[in-house]
Structures are given as structure tokens and as C-alpha cells.
1. Compute the long axis of helix 34-62 from its Cα atoms, compare it with the longest principal axis of the Cα atoms of the chain, and write down the angle in degrees, 0 to 90, nearest 10.
2. So for Met42, Met14, fewest C-beta neighbours within 10 Å to most, what's the order?
3. Once you list every other residue whose beta carbon is under 13 Å from the beta carbon of Ile140, what net charge do they have if Lys and Arg are +1 and Asp and Glu are -1?
4. Taking Cα atoms, how many degrees apart are the long axis of helix 9-30 and the longest axis of the chain, rounded to 10 and kept between 0 and 90?
5. Might you report the magnitude of the Cβ-based charge dipole of the range 34-144 about its Cα centre, with Lys and Arg at +1 and Asp and Glu at -1, to the nearest 20 debye?
6. Counting Lys +1, Arg +1, Asp -1, Glu -1, what net charge surrounds Thr129 among other residues with beta carbon under 11 Å of its beta carbon?
7. Counting Lys +1, Arg +1, Asp -1, Glu -1, what net charge surrounds Thr39 among other residues with beta carbon under 15 Å of its beta carbon?
8. Using Cα pairs closer than 8 Å and at least 6 residues apart in sequence, work out the relative contact order for the chain, in percent.
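Readers should treat all values here as calculations from the given coordinates under stated rules, not as data from a laboratory. Bear in mind that the values here come from a model prediction, so they are computed numbers and not experimental data. Cβ sites come from the backbone with ideal geometry, for glycine too, and all protein chains shown count toward neighbours.
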Amino acid sequence: MNKQTGFTLIELVMVIVILGILAATALPKFVNLGGDARTSVMTGVEGSMRAANAMIYARAASLGQLGAVGNLTAAQIPGGPIALVYGFASTRANLGNAMDLSPLTDFDLTVAADIRHAKATTPATCRVTYTPATAVAPPIYALQTAGC
């Protein structure tokens, strides 16, 4: 009489398959990918701010409005009127007019210089801060993602 010891190959494969299915369904509950997604969104917002301001500057330059004060009307640029300082948007709100933040409910625009992610763990440290251009320096876009 032969006595079986251990497990058969099919039993071992079935246990591995079951563990794989359990891991695939349980892993998303334990891994928070939301923070990475919000960080990516804010990186995209920074890029959008830079691109919108480049578009504003190009239009201002074509109209000869690169001085300390200027203004683009709605007829001159989508999202206008936009107040200018040295050819760039004078405030984050003016820059925001030329951007399409969607869905808008994801963003907190209550702080004058910031675009914050409203659904971040700590919105105050998940933001892009806009500093307008000066006579000697271009605008500054400060990305902070620690609280995303």
C-alpha cells in the first residue's frame, strides 16, 4: 500500500491561483494611489499655468503690451479680459481665466496666489503658487506636493 505524502502539483497550483486572486482584489484597498494621482494633477496644473502664461505673453507681445501695465480684452484672447504686468498675467486669478480647470470642484481658488487641490490630504501643501513677473524676473510657479 502506497501512502501519499505532501500535496499534488494541481493542489499547489490551485492555492497559488487563489492567493493571486485574493491579492489582486485586496491590494487596491491597502495601497493609496490617490496621493500619486493628486501629485500628477498638480504637476499638470503647473504646466498648464506655464503654457497659458506663454500664450498670454505671445499675444501681449504681438500687441506691443510688454510694459509694466497692460490689458488683453476678451476679443484679443480667450478668457479675457486679462490684466498684464510685463506681458504676463498680473495675478493667479487673471491667469486662471485663460486656463480650463476641470472639474473646478477639485480645486480651491480661495487663496489669491494659489491653486490648491481641494481633495488633498493637506490642501495647503498641495498647491501651485503664482508670483507675477517683475521688471527683472519672469513669473515664478512654485509647486508644492507634500500634502497631496
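1. With both axes taken from Cα atoms, the answer is about 20 degrees.
2. Final ranking by Cβ density, sparse to dense: Met14, Met42.
3. On the way: positive: Arg50, Arg92; negative: Glu46, Asp114.
So the surrounding residues net to 0.
4. Helix 9-30 sits roughly 30 degrees off the main axis of the chain.
5. Value, rounded to 20: 100 debye.
6. Working: positive: Arg92, Arg116, Arg127; negative: Glu46, Asp114.
That works out to +1.
7. Once positives and negatives cancel, what remains is +1.
8. Details: 209 pairs, mean separation 27.7, N = 148.
The normalised contact order for the chain reaches 19 percent.
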